[in-house]
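Just below is one structure, and these are the notes that go with it.
The values are calculated or read from the model by the stated rules, or taken from the named source; none is laboratory data. Nothing here was measured: the structure is a model prediction, and the numbers come from that model. As a convention, Cβ positions derive from the backbone with ideal geometry for all residues, glycine included, and neighbour counts pool all protein chains shown.
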Amino acid sequence: MELFEAIFTRHSNGNVRSEELPRDLIGKLLDAGNQAPNHYKVRPWRFFVLTGNARNRLGQAMAASQLARNPDLPTETFDKTKKLPLRAPLIIAVGVDQPSESKVIEEENLSAAAASCQNILLAAHASGLSAIWRTGEWARDAKVKRFFGLAEEQKIAGFLYIGHPAEKAESVSRPSFADRTVWME
Ligand SMILES: Cc1cc2nc3c(=O)[nH]c(=O)nc-3n(C[C@H](O)[C@H](O)[C@H](O)COP(=O)(O)O)c2cc1C
């Protein structure tokens with residue numbers, strides 16, 4: 001798929017089939033994520049590839065954390081949270097490194113990780129897959145970060161839910177850039 005076609009036709013879609021994705025295809029997506037621009041060549045993204053039972057383990061960590069924060073959590077909510085990661089056969093969680101040298105800036109690392117997420121979304125789309133970038137409270141949850149082995153001060157740029165589309169893609173129409181743009185000459 002040509003680049004502009006991919007950019008203009010990509011849209012988020014969480015309605016995906018449960019069928020597993022081949023490892024080499026997942027590798028292609030990670031390769032695309034790894035091509036993102038980043039300052040000082042620090043490659044601040046950390047990819048956590050969740051398939052199969054790892055998604056249940058993430059769901060358990062999410063639900064346990066929610067319960068710890070809210071001891072009155074209804075059982076239905078606990079059970080619903082536990083199943084959230086099962087919405088796609090593949091989740092790529094993207095963690096962000098804290099700067100290891102004074103010249104490296106945290107915001108720039110987050111920007112680079114976000115660029116990496118977008119590369120993955122575009123690569124997924126160009127491969128005929130559907131995806132949606134999610135965060136929610138889980139991206140800021142200390143216990144979820146611990147599940148991935150991330151430090152509490154580290155950020156999670158997103159959870160990319162990816163799979164084969166369950167239904168035909170809709171067409172995409174987005175507002176023009178005009179009201180977001182100032183031409184300075
Ligand atoms: C950083 C970030 C976090 C997001 N978190 C969520 C989320 O938790 N749940 C959700 O439904 N959409 C979330 N979205 C929005 C969708 O990923 C998507 O961008 C939005 O629905 C617009 O659709 P489009 O990509 O087709 O334009 C998030 C987007 C970004 C950039």
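Does ASN119 count as out of contact with any helix residue (DSSP H, G or I) (no Cβ under 6 Å at 6 or more places or on another chain) and surrounded by 15 or more Cβ atoms within 10 Å (Cβ to Cβ)? Criteria not met by ASN119. Against the numbered list (1) within 15 Å of the chain's Cα centre (by Cα); (2) within 17 Å of GLY14 (Cβ to Cβ); (3) surrounded by fewer than 20 Cβ atoms within 10 Å (Cβ to Cβ), LEU90 comes up short only at (3).
Within region 178-185, is there a residue that is more than 13 Å from the ligand (Cβ to nearest atom), within 16 Å of LEU29 (Cα to Cα) and of a type outside the set (Val, Ile, Thr)?
Residues of region 178-185 that are more than 13 Å from the ligand (Cβ to nearest atom), as a first pass: 178-185.
Filter once more, keeping what is within 16 Å of LEU29 (Cα to Cα): none.
There is no residue in region 178-185 that is more than 13 Å from the ligand (Cβ to nearest atom), within 16 Å of LEU29 (Cα to Cα) and of a type outside the set (Val, Ile, Thr).
I need the full set of residues from region 10-28 which are within 16 Å of the ligand (Cβ to nearest atom) and touching a helix residue (DSSP H, G or I) at 6+ places or on another chain (Cβ under 7 Å), in order please.
If the condition is that a residue be within 16 Å of the ligand (Cβ to nearest atom) and touching a helix residue (DSSP H, G or I) at 6+ places or on another chain (Cβ under 7 Å), then ARG10, GLY14 are the ones that fit.
Applying the criterion of at least 3 residues that are surrounded by 15 or more Cβ atoms within 10 Å (Cβ to Cβ), modelled with pLDDT of 95 or more and of a type outside the set (Asp, Glu) to the helices (runs of 4 or more DSSP H) found wholly in region 1-87 leaves 23-33, 53-69, 75-83. Scan region 29-46 residue by residue and report those that are within 16 Å of the ligand (Cβ to nearest atom) and aromatic (Phe, Trp, Tyr). Correct list: TRP45 only. Restricting attention to region 165-177, the residues being of a type in the set (Lys, Arg) and within 10 Å of the ligand (Cβ to nearest atom) number 1. Given the criteria in contact with a Lys or Arg (Cβ under 9 Å, 6 or more places away or on another chain) and either more than 10 Å from the ligand (Cβ to nearest atom) or over 25 Å from PRO22 (Cα atoms) (or both), does SER111 qualify? Judged against the criteria, SER111 is not a match.
Total residues in region 128-164 satisfying the condition of being within 17 Å of the chain's Cα centre (by Cα), surrounded by 14 or more Cβ atoms within 10 Å (Cβ to Cβ) and either of a type outside the set (A, V, I, L, M) or within 11 Å of the ligand (Cβ to nearest atom) (or both): the figure is 21. Among the residues of region 54-88, just one is among the hydroxyl-bearing types (Ser, Thr, Tyr) and touching a residue at least 24 places away in the same chain (Cβ under 8 Å), namely SER65.
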